[in-house]
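The values are calculated or read from the model by the stated rules, or taken from the named source; none is laboratory data. Quantities reported herein were computed from a predicted structural model and do not represent experimental measurements. Neighbour counts are summed over all protein chains in view; Cβ atoms, including those assigned to glycine, are modelled from backbone coordinates with ideal geometry. What goes into the accessible areas is simple: the full protein's heavy atoms, side chains included, and nothing from ligands, DNA or RNA. Shrake-Rupley method; radii C 1.70, N 1.55, O 1.52, S 1.80 Å.
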Amino acid sequence: MLFDTHAHLDEDAFSQDADEVIVRAVASGVTTMLAVATTVESSRATIALATRFPNVFASVGIHPNYAVQAKPGDWEAIEGLASSPKVIAIGETGLDRYWDHTPFDVQIDYFRRQIELAKRRDLPFIVHCREAEPDVVAVLRQMAGAGQLKGIMHSFCGRQATLDAALELGLHVSFAGMFTFKKNNELRELAKTIPLERLLVETDSPYLAPQPQRGKRNEPAFVRYTAECLAEVFGKTLDEMAAITTANALRLFGLSGEVS
Ligand code: NI
């Protein structure tokens with residue numbers, strides 16, 4: 001039983017066979033998938049998928065790299081879509097200094113708005129962080145105030161200080177295909193410092209498939225390879241790690257009792 005907490009099922013890479021990809025995932029033990037949105041159109045698409053498949057849930061939000069394209073009314077649309085029945089998260093949001101698509105102040109504005117919306121709806125938010133670790137931590141600290149946050153550091157591949165700050169603020173940490181890459185020993189070492197109850201797994205499909213599928217189009221069925229690698233790091237079996245990460249996801253998304 002696995003939960004892929006981050007899959008871009010609405011993207012072009014899946015336009016021909018999204019249904020088969022979802023069926024294949026379920027058949028291989030991925031009982032739940034979160035279809036993650038990047039724009040308003042994408043948010044409508046993830047909700048449409050979630051409406052058709054009982055195993056698929058949706059996030060709604062605006063990715064930092066697409067915030068520059070947001071039109072008047074888009075933000076209000078996201079706020080409205082956030083109350084759709086199968087929406088269980090806000091994002092993906094966050095900050096990205098690698099791609100220079102959106103002015104940084106605009107990225108910060110959308111990041112803050114999405115954290116606020118997530119708080120209002122009592123949903124977790126999904127954080128994308130690329131070459132912006134201190135900036136992400138600063139926004140998180142500011143938004144947390146004296147409290148805790150409900151969110152996910154998605155496809156985490158950052159430094160120990162960032163990890164420590166995120167954990168201290170209450171966030172969960174999700175690992176994707178990169179976690180399995182041979183060169184990423186440091187990341188696997190750092191993972192050992194994460195409490196078991198904060199761990200999640202994801203594919204971030206269609207991007208960066210895990211070993212031994214590296215180079216192929218990624219899909220939710222492949223989340224087992226990342227879970228397997230994480231299990232090894234913690235000295236657990238795949239079944240044990242699947243049970244731990246799935247229980248964590250169900251608890252975080254408020255789905256305990258709803259999905260079996
Ligand atoms: Ni993503």
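Brief remarks on what is shown
- Percent breakdown of C-alpha pair distances by 10 Å bin, ordered from the shortest bin, for the range 1-71: 22, 52, 21, 4
- Computed from point charges on the beta carbon alone (+1 for Lys and Arg, -1 for Asp and Glu), the dipole magnitude for the range 2-252 about its Cα centre is near 380 Debye.
- Across the range 174-184, computed HN-Hα scalar couplings (Karplus, 6.51 cos²θ - 1.76 cosθ + 1.60, θ = phi - 60°) run 10, 10, 10, x, 4, 4, 8, 5, 3, 6, 8 Hz from first to last residue, x flagging Gly and Pro.
- Karplus-derived HN-Hα couplings along the range 89-94 (A = 6.51, B = -1.76, C = 1.60, θ = phi - 60°), whole Hz, x at Gly and Pro: 7, 10, x, 8, 10, x
- Percent accessible area from carbon and sulfur atoms, the chain, protein chains only, probe 1.4 Å: 51 percent
- Calculated accessible area for the range 154-227 comes out at 41 Å² per residue, all protein chains present (probe 1.4 Å; ligands, DNA, RNA ignored).
- Entry note, the range 2-252: relative contact order of 19 percent, from Cα contacts under 8 Å with a spacing of 6+ residues.
- The fraction of Cα-Cα pairs per 5 angstrom bin, counted from 0 for the chain, comes to 1, 7, 15, 19, 21, 18, 12, 6, 1, 0, 0 percent, rounded to whole percents.
- For T31, the amide hydrogen comes within under 5 Å of the amide hydrogens of L2, counting only partners 5 or more places away or on other chains and with H modelled in the peptide plane.
- Of the DSSP H helices in the chain, those that are both long (alpha-carbon extent of 15 Å or more along the helix axis) and hydrophobic (Kyte-Doolittle mean at least -0.5) are 40-52, 133-144, 223-233, 238-252.
- The chymotrypsin sites (Phe, Trp or Tyr not before Pro) of the range 12-66 include none that meets both conditions, a loop assignment by DSSP and at most 15 other Cβ atoms within 10 Å of the site Cβ.
- Here is how the number arises for the chain: DSSP H runs of 4 or more residues each give -39500 (n - 2.57), the sum is divided by the residue count, and the result at 222 nm is -12000 deg cm²/dmol.
- Per-residue 3J(HN,Hα) values for the range 198-204, derived from phi via the Karplus relation 6.51 cos²θ - 1.76 cosθ + 1.60 with θ = phi - 60°, read 10, 8, 9, 10, 7, 9, 6 Hz in sequence order (x marks Gly and Pro).
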